[in-house]
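What follows is a set of notes on a single structure, which appears directly below.
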Amino acid sequence: MTLNTRIAPALARALEKKGFATLTEVQESVLAPEADGADLLVSAQTGSGKTAAFGMAIAPTLLGEAERFERGAEPMALVVAPTRELALQVQRELVWLYGETGARVVTCVGGMDTRTERRALEAGCHIVVGTPGRLRDHIERGALDLSSLRAVVLDEADEMLDFGFREDLEYILDAAPASRRTLMFSATVPRSIADMAKRYQRNAVRISTVSERAQHSDIEYKALSVAPSDREHAIINVLRFYDAPSAIVFCATREAVNRLSSRFGNRGFAVVALSGELSQKDRTSALQAMRDGRARVCVATDVAARGIDLPGLELVIHADLPTNSDTLLHRSGRTGRAGQKGTCVLIVPHTRRGRAQRLLRDGKIQAEWGNAPSLEDITAKDRERVMSDPSLSETYDEAALAMAQELLARYPAEQIAAAFLNRRQADMPSAEELIENPGTYSNDGPGAPEKRREPFGDSVWYRLTAGRKHRAEPRWILPLICRLGHITKREIGAIQIGEEESRFEILASESDRFMEAVQKAGGGEKSIRITRDEGGADAPLDRPRTPRQPAAYTGRPKPARDGEGGGNFTPRPKPYAGKSDKPYQGKSQDDAAFTAPYAPKAKSRASDGDKPYTPKPRKADGDKPFAPKGKPRAAEGGAPFKPRSKPFSADRKPGAKAGTPRPSKPWDPAVVASAPVKRRSPTESPAPGGPDHALKKTKKKAKPSEE
């Protein structure tokens with residue numbers, strides 16, 4: 001079948017070289033006559049070929065009737081993607097799609113060097129692909145000129161709004177020319193996308209390729225119910241059972257990613273991890289290892305895996321259930337692309353079965369319920385792969401056949417085959433043993449008719465160390481039993497609550513498995529312990545307790561005296577008793593000496609001793625006897641301090657006292673005018689003591705500069 005004739009000739013040749021014989025539904029829709037040159041609002045599921053679709057849709061707008069682009073200047077098309085990985089993937093798709101047109105495609109994404117991107121924009125380009133934040137930054141700095149823009153494409157528009165890029169998208173669309181085409185591609189069209197399309201698009205053509213039939217018909221969904229403690233073991237068994245060339249395991253947190261990737265690596269899987277804490281260089285290296293085949297398992301979070309493209313991905317495992325059905329569809333859409341088949345496995349702890357059913361119902365997904373692959377299932381699958389190995393039916397050259405004949409001549413054929421199988425098994429991680437039948441499964445939905453409980457069959461009774469004294473109630477005892485024993489309420493019969501203990505019955509067919517799970521959990525939880533009740537159904541609820549009589553107190557045994565238990569015990573002498581063997585006794589005193597009251601004896605002062613302190617009497621004038629030493633005042637009562645003489649003391653009249661102001665004379669202008677002016681010749685020196693002489697003495701000589 002030939003490709004659509006509305007595709008630009010250069011793009012049609014690129015598609016044929018890539019091996020495209022037909023177009024997908026969304027690609028045919030964007031090339032319809034009513035979509036030619038119009039704004040488009042497209043909703044299509046992940047992996048439907050949206051990148052090639054909008055690349056073919058904007059080609060007539062960019063090229064017109066020409067076969068090749070002219071030298072690039074300002075960009076003519078702008079593609080906005082939510083993540084770096086998706087932007088880089090779109091750039092790679094557009095490079096080969098526009099390879100024969102001479103188009104120059106530039107990326108502007110976070111985590112890359114802005115100077116390199118700025119130089120690429122200044123050199124000229126035709127198409128720019130980037131993330132909202134980095135594109136806005138280049139527009140604000142003047143590095144990205146949108147004056148010649150003809151088309152704007154928003155890829156995964158719903159995800160960009162979920163990530164909080166609404167403000168950046170509105171800024172970019174407001175900065176673009178009003179005459180441009182606006183194409184919005186989204187997996188779903190919520191109200192926020194519809195409002196943005198109404199504001200920024202003109203008479204947009206609505207295209208929807210999401211039908212009412214089951215989502216992702218090329219993907220086989222399996223829901224595996226496991227015990228909560230066997231969740232990681234079940235993932236290992238799923239990887240071993242399917243033995244996919246490439247698989248991705250989705251986790252909810254980066255801690256879970258680090259834990260699972262470390263455990264898988266220790267078990268022998270070639271694994272890489274993707275989380276938000278990795279740098280762009282590490283992320284690119286991890287994805288390249290998956291594409292090259294050096295790694296076969298990728299453990300990632302939802303945000304880190306947005307937009308990544310892993311060709312040939314055959315298996316998707318949901319280690320943690322997603323938060324909503326849209327996330328489930330986005331995760332699962334990494335496999336089953338371009339007509340290929342894929343498998344999606346949900347690891348469902350039996351306590352979360354209701355939530356898994358709601359996710360599948362909201363996503364319109366039909367999943368097959370069952371148990372995780374057991375050790376026997378994996379062994380049988382390995383045997384099947386060995387028997388159907390295509391290498392056994394291939395033809396080999398003479399050198400290989402000669403080596404085979406030499407081996408057969410030296411060893412028996414059975415030994416050679418056994419060695420081959422052992423070598424093959426040694427390269428594979430070992431499987432895990434799981435708890436069998438962790439729950440009861442049925443495909444009955446929430447709307448199914450209510451079923452009456454059948455009579456309980458043979459059972460085994462167990463005791464639990466919690467009763468009414470501990471506020472035990474069935475509403476928390478029942479979940480506790482299910483959680484510790486990895487069973488459902490269908491396997492639990494009657495629950496009897498006593499004063500200090502409680503009893504419950506378990507189906508006899510599940511008794512051994514229940515006790516094994518309880519022992520794995522340590523026999524109980526915190527202060528609660530579960531044990532088997534050997535008395536059966538007829539045993540009393542509260543076991544009789546015999547009060548314990550306290551033993552009589554006898555005290556500590558006394559040490560034997562004199563070596564034979566006699567009473568002639570002589571204590572050891574005290575340290576202050578000296579060397580005598582006789583114990584110390586104080587001096588005997590006459591009691592008559594203590595009859596009189598105590599009176600201190602009067603002591604006489606020695607003749608040469610110090611006299612007692614006696615305060616001195618005050619003087620007659622009332623002053624205190626203490627007077628500090630100081631300088632005596634002058635006779636006239638003036639202070640002893642005298643100020644220094646004022647300058648120009650030589651100009652005073654003889655006999656003038658220091659400090660006496662000079663008497664002022666009445667000012668007469670006539671006398672001043674008639675007074676002769678005396679001028680000094682240049683060679684005449686000033687008179688000593690004159691004003692000029694004093695001024696000359698006050699001038700400081702400049703010190704010669706030190707060199």
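Coordinate-derived values only; no laboratory data. From a predicted model like this one, the values you see are computed outputs, not experimental measurements. Cβ: placed from backbone, ideal geometry, glycine included. Neighbour counts: every protein chain shown.
Of note:
- Shown here are the Rg and Dmax of the Cα trace of segment 1-72, at 12.3, 36 Å.
- Kirkwood hydrodynamic radius over Cα pairs of segment 9-208, then Stokes diffusion coefficient at 4 °C and 1.567 mPa s, in µm²/s: 77 µm²/s
- Directionally averaged shadow of segment 176-256, computed from the convex hull of its alpha-carbon atoms, nm²: 10.1 nm²
- Ordering Ala472, Ile492, Met515 by Cα displacement along the dipole of segment 459-538 toward the positive end leaves Ala472 in first place; charges were set at the Cβ atoms of Lys, Arg (+1) and Asp, Glu (-1).
- Stretched out straight at 0.36 nm per residue, the stretch from Asp377 to Lys489 would grow longer than its current Cα-Cα span by 37.6 nm.
- Extended-chain gain in nm, criterion 0.36 nm per residue less alpha-carbon gap, Arg291 and Gln340: 16.0 nm
- Simple spin-label estimate for Thr114 and Glu255 gives 3.5 nm between the two label positions (7 Å along the Cα-to-Cβ direction from each Cα).
- Of the GluC sites (Glu not before Pro) in segment 142-250, those whose Cβ has at most 14 other Cβ within 10 Å and which sit in DSSP loop: Glu212
- Cα→Cβ-extended label distance, 7 Å offset, between Glu34 and Trp476, nm: 6.2 nm
- Working note: Karplus 6.51/-1.76/1.60 with θ = phi - 60° gives segment 124-141 the couplings x, 7, 10, 10, 10, 10, x, 9, x, x, 5, 4, 5, 4, 5, 5, 5, 7 Hz, where Gly and Pro are set to x.
- If the segment from Ala66 to Ala426 were pulled out straight at 0.36 nm per residue, it would be longer than the present Cα-Cα gap by 123.6 nm.
- For segment 267-306, applying the loop criterion from DSSP together with a ceiling of 13 other beta carbons within 10 Å to the trypsin sites (Lys or Arg not before Pro) yields Arg294.
- Applying the Karplus relation 6.51 cos²θ - 1.76 cosθ + 1.60 with θ = phi - 60° to segment 156-168 yields 3J(HN,Hα) values of 6, 4, 5, 5, 5, 5, 5, 7, x, 9, 4, 4, 5 Hz, where x marks Gly and Pro.
- The distance separating the Cα centre of segment 90-144 from that of segment 16-75 comes to 19 Å.
- FRET efficiency, 1/(1 + (r/R0)^6) with R0 41 Å, evaluated for Val95 and Arg206 via beta carbons: 0.85
- Treating each Cα of segment 221-383 as an identical point scatterer and summing with the Debye formula, the log10 of I(q)/I(0) at q = 0.09, 0.12 Å⁻¹ comes to -0.27, -0.49.
- When each of Lys17/Lys341; Lys18/Lys381; Lys17/Lys364; Lys17/Lys281 is checked by Cα-Cα distance, pairs over 27 Å: Lys18/Lys381; Lys17/Lys364; Lys17/Lys281
- A crude spin-label estimate for the pair Arg556 and Glu368, with each label 7 Å from Cα along the Cβ direction, gives 7.9 nm.
- Per residue convex hull volume, Cα atoms of segment 74-146, in Å³: 75 Å³
- Pairwise FRET efficiency - Ala21 versus Glu394, Cβ, R0 = 22 Å, nearest 0.05: 0.15
- Distant-in-sequence amide contacts of Cys108, defined by a placed amide H-H separation under 5 Å and a gap of 5 or more residues or a different chain, comprise Val129, Gly130, Thr131.
- Order by protection proxy (mean Cβ within 10 Å, highest first), peptides 129-141, 325-337: 325-337, 129-141
- Coarse-grained scattering of segment 459-538 at q = 0.10, 0.19, 0.27 Å⁻¹, given as base-10 log I(q)/I(0) from a Debye sum over alpha-carbon atoms: -0.19, -0.73, -1.56
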